[in-house]
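Laboratory data are not the source of any read-out in this text; all were calculated from the coordinates shown. Since the structure is predicted, the reported quantities are computational estimates derived from the model, not experimental observations. No Cβ is skipped: glycine too gets one built from the backbone with ideal geometry, and neighbour counts run over all protein chains shown.
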Amino acid sequence: MGRLFGTDGVRGLANGDLTAGLALGLSQAAAWVLTRGRHADELRAQGKRPTAVVARDPRVSGEFLTAAVASGLASSGIDVLDAGVIPTPAAAFLVSDANVDFGVMVSASHNPMPDNGIKFFSFGGTKLPDEVEDRIERALDEQKLAPVGAGVGRIRRFADAEDRYLLHLLSTIDVSLQGLHVVLDCAHGAASGISPQAFTDAGARVTVIGADPNGLNINDGVGSTYLDPLQRAVVEAGADLGIAHDGDADRCLAVDARGQVVDGDQIMAILALSMKRRGLLAKNTLAVTVMSNLGLKRAMRANGIELVETKVGDRYVLEALAEHGLSLGGEQSGHLIMSDHATTGDGILTGLQLAAEMARTGKTLEELASVMTVFPQVLENVRGVDRTKLEGHRGIAAAIAEVEAELGDSGRVLLRASGTEPMVRVMVEAADDATARAMADRLAAVVKAELAV
C-alpha cells in the first residue's frame with residue numbers, strides 16, 4: 001500500500017480512503033505513541049490524564065471524522081479539548097499555549113471538499129518527524145491503550161480557543177492598520193470568522209469575500225488557489241490590498257491595489273527586508289525551497305541576506321529553521337513560517353505582517369513587491385515515465401547542461417521526480433516567458449523520450 005502518511009499528514013477521499021474507522025485507529029495509535037514519554041508518565045503518576053487539542057476546518061466530513069478522532073483519543077485515556085472550527089496554525093499554537101500533550105487537525109487544506117485529512121502536532125505544537133509518523137502507522141496493528149472506569153478520557157469544548165489565538169495574532173504587530181482597506185478571501189474555510197476579526201481589531205477597514213462556509217463550498221472557486229475573485233474585488237473596492245487564504249488558513253497570497261498577484265516569494269522578500277531592517281531576521285538568513293524564484297534569490301543577495309535552500313514542502317522549511325536557528329522561511333505557494341511567532345505556516349499571521357509593513361513604511365504593496373523581479377517560470381509535468389531513472393541519467397544531464405549554458409545567469413533549470421506518481425517535473429526560469437516555455441518544452445521532450453515506459 002505504501003506509506004500512509006504523506007507530506008502533510010494522512011489525506012484522502014473522506015469516507016472513501018479516509019474512513020471513520022481509520023480516523024479512530026489513527027487516533028488510538030497516536031495516543032499510544034505520543035503519550036509514552038516522561039511527561040506522560042509524570043502525569044499518570046499524579047493521577048492525571050494526558051490532554052490533546054482537536055480541531056477541524058468546516059468541510060462537512062470533518063464532523064464525523066473529528067468525532068471519530070475524539071472517540072479514539074478518549075477511549076485511550078486522553079482528555080480532549082475540542083476547539084471546533086479553527087485554522088491549522090491556531091491548533092498548533094493552542095497545543096503550546098494550553099501546554100497540552102499533542103494536537104490533531106482534521107483538514108485537507110487547499111484540497112476540494114470531498115477530500116479530508118488528519119495531521120498531528122507534538123508537544124509544543126510542531127509537526128511530527130517522519131519517524132514518529134511511521135511509528136504511529138505501525139501502531140495501527142498493535143495493542144491499543146484501553147483504560148476502563150475513571151481512566152477513560154473526557155471530551156470538553158475548548159471555549160476560549162479562538163480568543164487565545166486572536167490575542168496572539170494581534171500581539172505580533174507593533175503598528176495600527178488604520179487607514180488600510182483590506183479585502184480578505186477566506187476560501188469559505190477555517191479563517192472565515194477569525195481573519196476578518198483580526199484585521200478589524202488591528203485597525204483596518206475590511207471587505208470580506210469567501211467567508212460563508214456551509215460544509216460543501218470550501219476552496220470552491222475562491223481562496224489562494226483561485227485568485228480571480230479577489231483580484232476583481234480589490235480593484236472594484238479600490239482597496240489597498242487583498243489577502244487570500246486556503247481552506248485551513250496556513251497559506252497567504254496577496255493582491256496589490258491594481259489587482260496584481262503578489263506570491264509567497266515576493267511576500268518573503270518584503271518581510272525578510274523588513275525584519276533585517278528591524279534587527280529581527282536571525283543570522284540575516286532566509287530559508288527557501290528549490291522552487292523559489294530566481295528573482296528572490298537575486299534580491300536577497302543584493303540586500304546582503306543569505307539563503308538556506310530545502311526540498312519542496314513546508315516541513316522541510318521548518319526543519320531548516322530549527323537546524324540553523326532562523327526566524328523566517330517559506331514557499332512560493334504562500335506557506336510562510338515566522339518561527340518567533342508560530343510553529344507552522346500561518347496565513348493570517350503572514351497577512352497581518354504584510355499589512356503592518358505597508359502601514360509602517362507608508363508604501364503601497366506594489367512598491368514593496370518591486371524589491372524583486374519575478375522571472376517567468378514554466379512548470380511542465382511529464383507523465384507516464386520511469387521517474388526512478390532520472391537521477392544520474394547521462395542523456396538528460398547533457399540536455400540540462402546545454403539549456404543551462406544557453407540561459408547563462410539569466411535563468412535556471414530544475415528537474416524533480418514526483419514522490420508519488422510516474423512523473424517528472426520540469427521547471428525552467430528565464431528572462432522572458434517565451435524562452436522559458438521553449439526550454440521547458442525541449443527538456444520535457446527529452447525526458448519523455450529517454451524515460452518512456
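How long is the gain from Ala438 to Ile155 if the chain were fully straight, where each residue apart is worth 0.36 nm and the alpha carbon distance is subtracted?
96.1 nm
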Karplus-derived 3J(HN,Hα), 6.51/-1.76/1.60, for each residue of the range 399-416, Hz, glycine and proline x: 5, 4, 4, 5, 5, 4, 5, 5, 6, x, 8, 9, x, 7, 10, 9, 10, 9
Rounded, prolate or oblate (a/c below 1.5 giving rounded, otherwise prolate when a/b exceeds b/c) for the chain by Cα gyration tensor: oblate
Under 15 Å from Lys297, Cα to Cα: aspartates and glutamates that are on another chain or at least 8 residues apart: Asp263, Asp265, Glu306, Glu309, Glu331, Asp409, Glu429
Residues with amide H under 5 Å from that of Ala287, placed H, sequence gap 5 or more: Val308, Leu328, Gly329, Gly330
Reachable lysines from Lys48, criterion Cα separation under 30 angstrom, eight or more residues apart if same chain: Lys119, Lys127, Lys144
Asp386 versus Ala45: modelled label distance in nm, points set 7 Å from Cα along the beta carbon direction: 5.7
Antiparallel bridges, percent of DSSP beta bridges restricted to the chain (to nearest 5): 50
Of the trypsin sites (Lys or Arg not before Pro) in the range 193-264, those whose Cβ has at most 14 other Cβ within 10 Å and which sit in DSSP loop: Arg258
Amide H within-cut-off set for His335, under 5 Å, with H built and near neighbours excluded: Cys252
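Between Ala146 and Val261, what is 0.36 nm times their sequence separation minus the Cα-Cα distance? Round to one decimal in nm.
Extra length from Ala146 to Val261 when fully extended: 36.2 nm.
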Extension gain from Val60 to Asp220, taking 0.36 nm per residue of separation minus the Cα-Cα distance: 56.2 nm
In sequence order, calculated HN-Hα J values of the range 377-385 (Karplus, 6.51, -1.76, 1.60; Hz; x Gly/Pro): 10, 10, 10, 10, 9, 9, 9, x, 10
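With an 8 Å cut-off on Cα pairs and a minimum separation of 6 or more residues, tell me the relative contact order of the range 1-130 in percent.
Relative contact order comes out at 30 percent.
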From phi via Karplus (6.51, -1.76, 1.60), per-residue ³J(HN,Hα) for the range 215-226 in Hz, x at Gly/Pro: x, 10, 10, 4, 6, 7, x, 9, x, 5, 9, 9
Burial order of peptide ranges 77-85, 398-406, 23-31 (average beta-carbon count within 10 Å, highest first): 23-31, 77-85, 398-406
Relative contact order %, the chain, counting alpha carbon pairs below 8 Å whose residues are six or more apart: 12
Label-point separation, Met423 to Ala302 (7 Å along Cα→Cβ), nm: 3.4
Prolate/oblate/rounded label for the range 56-187 (Cα gyration tensor, a/c 1.5): prolate
Pairwise centroid distance, computed over Cα atoms, of the range 123-141 with the range 43-112, Å: 15
Gyration tensor (alpha-carbon) shape descriptor, the range 185-335, a/c threshold 1.5: prolate
Value of [θ]222 nm, deg cm²/dmol, for the chain, DSSP H segments ≥ 4, -39500 (n - 2.57) each, nearest 500: -12000 deg cm²/dmol
Ordering of 439-452, 344-357 by burial proxy (mean other Cβ atoms within 10 Å per residue, highest first): 344-357, 439-452
Reachable lysines, given that their alpha-carbon falls under 17 Å from the alpha-carbon of Lys389 and they are not under 8 places away in the same chain: Lys448
